[in-house]
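The structure appears right after this line, and notes come after that.
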């Protein structure tokens, strides 16, 4: 089996590191937080073997890709622009775009804004959410004892200091705590406490530190991620969260607009994102905003790290979707 090759390309005014494998129609793989191109390692192999050119960038602010300092350079418009620039740099007119976690809104919005370039879209974990009527942070849960993690991430420097104090331990806790391997009292039940950060602690305070890693994550995998974040730090990735309200303002022209290209949504039934407030209704209503939705696939026993926890099932669903286009 061949290995991915690596290079840097110029895109949208920054240098983007990409891992790529195979030849054929282009499939662009967008990772989330806190990850890198490496979260798609199993898909690069499978897509290549199935006759596709699979490309996984380190997204803006991550890994070996440039990390602009200014917070306002991490809007959805920048991130979608980066992916259009990747197509240009590769000399490709179109691609199928796939995104997980924060990469999913990038993929959904790339398909929304540029259906001429992104001919189909797959979202993992995070569904497409049409623009709401008020700024998102104003309705995020908080109380005297805790606030939603995306609110905790807003103040520059705070989460960086916590996560960078011991990068390997931070990543081990985050990857384990978000997975389907954590014992849960009521699997799949919505919880008022999901994603809440205690005001007397931090993002990692309530996360267990596993004695042994789950089967889908090896020490070598964890070492690779830790090495990437030792190089990049966490600021770039956190800056995505600091643009949530700015994205809402900028997306006003697209209010009510449908995603018109063929689409697939996949998530683990134990993914904490699925338990966020009102998320089950959003998922049930997807076809209203995505008229060419080809399916909603819920993976039993799978947590947040969809393409790593369930590589075989995700690969099969992806390839079936791509061949059906």
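Coordinate-derived values only; no laboratory data. Not measured: the values here are computed from a predicted model. Heads up, the Cβs are rebuilt from the backbone with ideal geometry, glycines too, and the neighbour counts pull from every protein chain shown.
DSSP beta bridges confined to segment 5-323 are antiparallel in about 40 percent of cases.
With the Cα gyration tensor of segment 18-84 giving a ≥ b ≥ c as the square roots of its eigenvalues, does the rule (a/c under 1.5 for rounded; else a/b larger than b/c for prolate; else oblate) give rounded, prolate or oblate? Mind showing how you got there, number by number?
Details: a/c = 3.02, a/b = 2.01, b/c = 1.50.
Taking the square roots of the gyration eigenvalues as a ≥ b ≥ c, segment 18-84 is prolate.
Of the residues 22, 237, 193, the one that moves most in a GNM of the chain with alpha-carbon contacts below 10 Å is 193.
Let a ≥ b ≥ c be the square roots of the eigenvalues of the Cα gyration tensor of segment 5-323; is it rounded (a/c under 1.5), or, if not, prolate (a/b larger than b/c) or oblate? It is rounded, given that a/c, with a ≥ b ≥ c, falls under 1.5. Once the Cα-Cα distance is subtracted from the 0.36 nm per residue extended length, the residue 143 to residue 257 segment shows a gain of 37.7 nm. Full extension of the chain between residue 211 and residue 320 yields a length gain of 35.5 nm, computed as 0.36 nm times the residue separation minus the alpha carbon distance.
Sorted ascending by nearby beta carbons within 10 Å, beginning with the fewest, 148, 118 become 148, 118.
Between the beta carbons of residue 94 and residue 219, assuming R0 = 35 Å, the FRET efficiency works out to 0.35 to the nearest 0.05.
Fully extending the segment from residue 278 to residue 3 would add 94.9 nm, taking 0.36 nm per residue of separation and subtracting the current Cα-Cα distance.
Comparing 221, 66, 269 in a Gaussian network model of the chain where C-alpha atoms under 10 Å apart are linked, the largest mean-square fluctuation is found at 221. Taking 34, 115, 291 in turn, the Gaussian network model of the chain (Cα-Cα springs below 10 Å) assigns the largest fluctuation to 291.
Normalised by the number of residues in the chain, the average gap of Cα pairs under 8 Å and 6 or more apart makes the relative contact order 21 percent. With a simple spin-label model that places each label point 7 Å from the Cα along the Cα-to-Cβ direction, the separation between residue 72 and residue 131 comes to 1.8 nm.
Give me 48, 23, 133 ranked fewest to most by other Cβ atoms within 10 Å of their Cβ, as a rough exposure proxy.
Working: 48 21, 23 11, 133 7.
The fewest-first ordering by Cβ neighbours comes to 133, 23, 48.
Based on other C-beta atoms within 10 Å, arrange 77, 52 from fewest to most. Could you put the intermediate results ahead of the total?
Working: 77 16, 52 24.
So the ranking, lowest neighbour count to highest, is 77, 52.
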